[in-house]
Amino acid sequence: MSRVSGKLWRVWRRNFDSFRKYLHVNVLGNLGEPFLYLVAMGYGLGSFLGDVDGVSYVRFLAPGIVVSSAMFAAAYECTYMSFLKMVHLKTYDAIIVTPVGIEDVVAGDIAWGATKSLMSGTAMFAVAAALGLVESWWALLVPLLALLVGFHFASLSMLVTSVSPNFDSFSYFFELFVTPLFFFSGIFFPLDPFPAWIRIASRLSPITHAVDLSRALMLGRPAPTPLASVAVLAVTAAVLFRWSIARMRRRLIR
Amino acid sequence: MEAGSGIAVSARGLVKTYGALTAVAGVDFEIREGECFGFLGPNGAGKTTTMKMIYCCLPRTGGDLAVMGLDPDRSPAGIKARIGVVPQETNLDTDFTVLENLRIHARYFGVRRREAAARAAELLAFVRLSEKAGAEVDALSSGMKRRLLIARGLMNEPRLLILDEPTVGLDPQARHLVWDRLRRLERGGVTRIVTTHYMEEAAEICDRVAVMDGGRILVTGRPRDLIRQQIGEEVIEMVPSEEERSAIAADIAAFPARVEQAGEKLSISCDDCRPLMALLSEKGYRRITRRPATLEDVFLKLTGRDLVE
Ligand SMILES: Nc1ncnc2c1ncn2[C@@H]1O[C@H](COP(=O)(O)OP(=O)(O)OP(=O)(O)O)[C@@H](O)[C@H]1O
Ligand SMILES: [Mg+2]
């Protein structure tokens, strides 16, 4: 029984208004870290490395950092921030007495999380472009990819939020799931040297597919499995979206 | 049951359970259009639960419920569009100012920007918060927050306003302000449902009340009628000494009066207490007072004088 409607944009607008109001606090927090990774690892560590996968290390790294910044933006937004609004600030309770139903509230928060991914991913992409790390016009599709990654990860994070008893449980999610994804989705290094089971597990992760796509778009070379990768991202995102809304409804309307 | 039938909310055998706990155990009530209806009852009686079912945030476990002719299970959005809610828990949006809170709330209803701005200005004046329009919510006192919640609940120009303990934590002036505002809404034909733990408030603002306990409605009626039926016109209160306590029963036996004891205190209710009062003072009882019966007497008689749990 999930009835998502266009009213979800009213919730999105609430989040956007809050974001705009606190813009000065938000921007640095969202972009500082991926930027540091790109510079410190890409140029610092990269200066000790030869070519990786046929390009300089920083060129190899930049497309992955774009994806990871999109991933973290949505993950943060739909775990800590959504939980805060749901449990502590009672924002959800305040909204569901209006014609905006719980499905729209959750969908609106997911849409907002995906928007944050779009913003973070695009900003990192712009930084990479300014540093001359982009080699193809295909790269103009990268913001779209960031949005898709955001949709996927926001939905997944909302699912985690729907079963979380408290803030502490998110550290499990981040430490046991998000961080390993960050390191084993081909962002920092190709997975060829690792045992087969790690490579296979990694191919099951939609983030690996997103990194493949991002690298292909930014470096202007074919992705290993372009259509399949897009399909994996989109289908898992859609399933997680529906599932998280259903779970959230069960948590909040009893 | 649209306009014309005169019934804003009707419930038949309404039940809500949380697992093994029965919060509302089958209640019947009809709330008329334009009236102010109060749910009274001790903590945990099921008042908030009943209200949440009315404002479509809690699905019922059993029974029938119609709000403005609509079924909350089937048409929640249709109902919610026409009701305003002032929740028991303060849940203002702390990211925003007073004025922004009202505007954003209006947006959830799809009210246009300009219209929302006009209503917000009007309602801030209505609850005397105009001066605070630009203040962050966290900078308000708790009484101001309650008043802002009332303004927020009116942003969609509801036909039915539901207020769960609207005057908790208000100073006497603010409380009188709220009472006055609720009366003004009456002129606009707005139906109001309130809960409160202040019995003098319920008697002041409610046309009718239902007294709940343990998930059931014990009685429903006009405050005056309930007082007359359950208590009488007057009450004599006294704190008797040991020897007075043993003598009192015999002394009042001849009068049509009823005695209740709560701790040290005796409450004797009667329709006309003057003869009994005269007798008691003649016999030398001390510390006796006579006063009109109140809704609080009804409440305590029906729901027990001692704190349960
Ligand atoms: N979400 C919930 N889960 C389980 N039990 C609940 C829940 N909400 C309320 N209850 C229980 O339902 C009963 C009725 O609670 P309710 O909040 O309706 O009481 P109330 O009359 O509003 O009390 P108060 O005057 O304290 O506000 C209580 O026993 C309460 O513990
Ligand atoms: Mg309550």
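Just checking, which of B:Arg74, B:Arg82 is more than 16 Å from A:Ile96 (Cβ to Cβ) and either more than 10 Å from ligand 1 (Cβ to nearest atom) or of a type outside the set (Lys, Arg) (or both)? Spell out the reasoning first.
Values: B:Arg82 fails: more than 16 Å from A:Ile96 (Cβ to Cβ).
Residue meeting the stated conditions: B:Arg74.
Out of the residues in the stretch B:93-114 that are aromatic (Phe, Trp, Tyr) and within 19 Å of A:Leu8 (Cα to Cα), which is nearest to the other protein chains (Cβ to nearest Cβ)? I'd like the intermediate steps shown before the answer.
At the first step, the residues of the stretch B:93-114 found to be aromatic (Phe, Trp, Tyr) are B:96, B:108-109.
Applying the additional criterion that residues be within 19 Å of A:Leu8 (Cα to Cα) yields B:108-109.
On the way: B:Tyr108: 4, B:Phe109: 6 Å.
Ranking the candidates gives B:Tyr108 first.
Picking from A:Ile102, A:Ile95, A:Ile110, which residue would you name as being surrounded by 24 or more Cβ atoms within 10 Å (Cβ to Cβ) and either of a type in the set (S, T, N, Q) or within 14 Å of chain B (Cβ to nearest Cβ) (or both)? Give the steps one after another, and end with the answer.
Values: A:Ile102 fails: surrounded by 24 or more Cβ atoms within 10 Å (Cβ to Cβ); A:Ile110 fails: either of a type in the set (S, T, N, Q) or within 14 Å of chain B (Cβ to nearest Cβ) (or both).
Answer to the selection: A:Ile95.
Looking at (1) farther than 24 Å from B:Ala174 by Cα; (2) within 9 Å of chain A (Cβ to nearest Cβ); (3) touching a Pro at 6+ places or on another chain (Cβ under 8 Å), find the lone condition where B:Pro72 falls short.
The failed condition is (2).
If I filter the stretch B:30-52 down to residues being of a type in the set (A, V, I, L, M) and within 13 Å of ligand 2 (Cβ to nearest atom), which single residue comes out as surrounded by the most Cβ atoms within 10 Å (Cβ to Cβ)?
Step by step, filter the stretch B:30-52, then rank; the result is B:Leu40.
Considering only residues that are over 13 Å from the mean Cα position of the chain (by Cα), within 11 Å of ligand 1 (Cβ to nearest atom) and not hydrophobic (A, V, I, L, M, F, W, C), look in the stretch B:21-52 and name the one that is nearest to the other protein chains (Cβ to nearest Cβ).
By that ranking, first place goes to B:Lys52.
Would you pick out the residues in the stretch A:114-170 that are in a helix (DSSP H, G or I) and among the acidic types (Asp, Glu)?
The initial filter retains those residues of the stretch A:114-170 that are in a helix (DSSP H, G or I), namely A:114-130, A:137-163, A:168-170.
Residue satisfying the conditions is A:Asp168 alone.
Which one is nearest to the other protein chains (Cβ to nearest Cβ), of the residues in the stretch B:195-223 that are within 13 Å of ligand 1 (Cβ to nearest atom) and out of contact with any helix residue (DSSP H, G or I) (no Cβ under 7 Å at 6 or more places or on another chain)?
By that ranking, first place goes to B:Gly215.
So which residues in the stretch A:203-253 are within 14 Å of another protein chain (Cβ to nearest Cβ) and either of a type in the set (Phe, Trp, Tyr) or touching a Phe, Trp or Tyr at 6+ places or on another chain (Cβ under 7 Å) (or both)?
Scanning the stretch A:203-253 gives a single hit, A:Leu252.
Looking at B:Leu163, B:Leu102, can you tell me which residue is under 27 Å from B:Ile205 (Cα atoms), away from ligand 2 (no atom under 16 Å from the Cβ) and in contact with a Lys or Arg (Cβ under 9 Å, 6 or more places away or on another chain)? Give the steps one after another, and end with the answer.
Values: B:Leu163 fails: away from ligand 2 (no atom under 16 Å from the Cβ).
On inspection, the qualifying residue turns out to be B:Leu102.
May I ask you to say which residue of B:Tyr18, B:Tyr55 is within 14 Å of another protein chain (Cβ to nearest Cβ), within 16 Å of ligand 2 (Cβ to nearest atom), over 21 Å from the mean Cα position of the chain (by Cα) and of a type in the set (Ser, Thr, Tyr)? It would help to see each step written out before you state the result.
Numbers: B:Tyr55 fails: over 21 Å from the mean Cα position of the chain (by Cα).
B:Tyr18 is the lone residue from the list that is within 14 Å of another protein chain (Cβ to nearest Cβ), within 16 Å of ligand 2 (Cβ to nearest atom), over 21 Å from the mean Cα position of the chain (by Cα) and of a type in the set (Ser, Thr, Tyr).
Can A:Val58 be described as more than 14 Å from every other protein chain (Cβ to nearest Cβ) and either closer than 21 Å to B:Thr94 by Cβ or in a helix (DSSP H, G or I) (or both)? Outline the logic, then answer.
Numbers: more than 14 Å from every other protein chain (Cβ to nearest Cβ): yes; either closer than 21 Å to B:Thr94 by Cβ or in a helix (DSSP H, G or I) (or both): yes.
It is true that A:Val58 is more than 14 Å from every other protein chain (Cβ to nearest Cβ) and either closer than 21 Å to B:Thr94 by Cβ or in a helix (DSSP H, G or I) (or both).
Of all residues in the stretch B:75-117, how many are of a type in the set (S, T, N, Q) and out of contact with any Asp or Glu (no Cβ under 6 Å at 6 or more places or on another chain)?
First, the residues of the stretch B:75-117 that are of a type in the set (S, T, N, Q): B:75, B:88, B:90-91, B:94, B:97, B:101.
Still in the running and out of contact with any Asp or Glu (no Cβ under 6 Å at 6 or more places or on another chain): B:75, B:90.
Qualifying residue count, the stretch B:75-117: 2.
If I ask for residues that are touching a helix residue (DSSP H, G or I) at 6+ places or on another chain (Cβ under 7 Å), in contact (Cβ under 8 Å) with a residue 24 or more places away in the chain and more than 16 Å from ligand 2 (Cβ to nearest atom), which ones from the stretch B:69-96 would you list?
B:Gly84, B:Leu92, B:Asp93, B:Thr94, B:Phe96 - these are the residues of the stretch B:69-96 that are touching a helix residue (DSSP H, G or I) at 6+ places or on another chain (Cβ under 7 Å), in contact (Cβ under 8 Å) with a residue 24 or more places away in the chain and more than 16 Å from ligand 2 (Cβ to nearest atom).
All of the numbers you see were taken from the coordinates with simple rules; none came from a lab. Values in this document were obtained by computation on a predicted structure and should not be read as measured data. Ideal geometry is used to build each Cβ from the backbone, glycine not excepted, and the neighbour counts take in all protein chains shown.
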